[in-house]
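The values are calculated or read from the model by the stated rules, or taken from the named source; none is laboratory data. These figures come from a predicted structure and were not determined experimentally. Because the Cβ atoms are built from the backbone with ideal geometry, glycine has one as well, and the counts that use them run over all protein chains shown. Calculation scope for accessible area: heavy atoms of the full protein, side chains included, ligands and nucleic acids excluded. Shrake-Rupley method; radii C 1.70, N 1.55, O 1.52, S 1.80 Å.
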Amino acid sequence: MKVKVISVLEDNYMYLVIEENTREAIAVDAAVPKRLLEIVQKEGVKLTTVLTTHHHWDHSRGNEELMQLCPGLQVYGADERIGALTHKLTHNQELKFGAICVRCLLTPGHTLGHMCYFMWEDNCPDAPAVFSGDALFIGGCGRLLEGTPEQMYRSLNEALGTLPKETKVFCGHEHTVRNLKFALKVEPDNETVKTKLAWAKARDDDDIPTVPSTLGEEFHYNPFLRVAEESVQKFTGKKDPVEVMKVLHKENDNFKKPVEPLDPRAVLALEWGLLGSLVQKK
Ligand SMILES: [Zn+2]
């Protein structure tokens with residue numbers, strides 16, 4: 001199993017996962033179809049499937065166009081709002097592509113229909129991988145736009161947190177430096193946060209992705225996976241893990257926030273709305 005990391009838009013990642021025997025390829029979050037197809041062609045593989053983590057524009061905007069360019073394409077996701085969806089998934093559903101096995105993990109919080117994709121290859125010594133979209137980031141997690149702190153707690157600590165520690169984490173955005181700056185605010189004495197932040201800044205300077213990390217690593221510096229730690233509880237002034245999660249999100253939202261790229265259709269609607277109100281005033 002080979003994973004190609006493709007940087008697109010402001011700071012998004014889309015991924016191409018290749019089954020090396022059959023040369024079949026699976027895309028995760030096909031946001032920019034033409035860029036994806038360039039890589040597909042360069043690798044000499046056949047794209048059969050798109051796995052979409054969630055319906056947000058910067059993760060799913062390419063599905064319709066890709067479907068037109070690749071007839072017969074299968075588009076999987078857990079949310080009806082995902083464009084060109086051909087297969088609606090449920091929690092723990094398993095898929096197979098040649099030797100690649102996929103377990104779909106429903107991880108509500110950022111959106112209600114957010115799905116993470118855990119992948120491994122049978123009889124292969126390589127570590128498994130999880131494509132975590134905007135649920136789990138390196139050093140942080142997605143904002144609670146639709147779900148509750150309790151849902152996010154379960155998504156991170158139960159659905160994702162119980163995967164093998166060596167699992168490679170491929171997330172949906174390059175927000176690592178910003179996330180670790182927040183992590184340092186939460187735990188100013190955490191040496192692992194400091195080391196990872198210095199490493200991530202150096203990668204950022206050289207414009208090299210910080211993905212993947214491993215789940216085991218995340219437990220050492222990601223405050224959203226450390227809600228049971230005394231230092232994180234002290235920062236939030238809470239003990240109950242769901243309460244800790246709630247305060248962390250509130251503080252994280254107030255910390256210099258990375259803005260989700262706006263859907264141009266929404267911007268257009270907003271402008272029309274403004275225009276409408278101006279016209280009405282006249
Ligand atoms: Zn999102």
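For the pair T22 and F219, label points projected 7 Å from Cα toward Cβ lie 3.3 nm apart. Taking the Cα of A202, stepping 7 Å toward and past its beta carbon, and measuring to each backbone N in segment 134-175: which are under 17 Å? Inside the label zone: nothing. Express in % the proportion of alpha carbon pairs of the chain at distances exceeding 29 Å. Cα-Cα pairs of the chain separated by over 29 Å account for 34 percent.
Label-to-label distance, L9 versus K165, with points set 7 angstrom from Cα along the beta-carbon direction: 3.5 nm.
List the DSSP H helices in the chain whose Cα atoms stretch 27 Å or more along the helix axis and whose mean Kyte-Doolittle hydropathy is at least -0.5. Membrane-span-like by this criterion, though nothing is claimed about a membrane: none.
Here the chain has 53 percent of its accessible surface on carbon and sulfur atoms, given a 1.4 Å probe and all protein chains in place. Each of L73, V45, H110 was scored by the projection of its Cα onto the charge dipole of segment 2-258, and the greatest displacement toward the positive side belongs to H110; charges sit on the C-beta of Lys, Arg, Asp and Glu. At an R0 of 22 angstrom, the distance between the Cβ atoms of C101 and E43 translates into a FRET efficiency of 0.55. M67 sits with roughly 50 Å² accessible to a 1.4 Å probe, with DNA, RNA and ligands left out of the calculation. For C101, the shell of other residues with beta-carbons less than 12 Å away shows a net charge of -2, using +1 for Lys and Arg and -1 for Asp and Glu.
Dipole magnitude for segment 121-196: about 400 debye, using +1 per Lys or Arg Cβ and -1 per Asp or Glu Cβ, origin at the Cα centre.
Dividing the helix sum by the residues of the chain, where each DSSP H run of 4 or more adds -39500 (n - 2.57), gives a mean residue ellipticity at 222 nm of -10500 deg cm²/dmol.
Determine, for each peptide in 166-175, 188-197, the mean count of other beta carbons within 10 angstrom over its residues, then list the peptides with the highest first. Write out the running numbers ahead of the final one.
Numbers: 166-175: 23.0, 188-197: 16.5.
So the order, starting with the most tightly packed, is 166-175, 188-197.
The Cβ shell under 13 Å around T210 holds other residues with a net charge of -3, Lys and Arg each +1, Asp and Glu each -1. In a reduced charge model with +1 at each Lys and Arg Cβ and -1 at each Asp and Glu Cβ, the chain shows a dipole moment near 600 debye about its Cα centre. Of all lysines in the structure, the ones whose alpha carbon falls short of 29 Å from that of K238, not counting any fewer than 8 places away in one chain, are K165, K181, K185, K194, K196, K246, K250, K256, K257.
Excluding ligands, DNA and RNA, what is the solvent-accessible area per residue of the chain at a probe of 1.4 Å, expressed in Å²? Intermediate results must be reported in sequence, preceding the final value.
Numbers: 13340 Å² over 282 residues.
Averaged over the residues of the chain, the accessible area is 47 Å².
Measuring nothing but how far apart in sequence close Cα pairs (under 8 Å, 6+ apart) lie, relative to its length, the chain scores a relative contact order of 13 percent.
Once you sort the root eigenvalues of the Cα gyration tensor of segment 6-139 as a ≥ b ≥ c, which label holds: rounded (a/c under 1.5), prolate (a/b larger than b/c) or oblate (the other case)? Verdict is rounded for segment 6-139.
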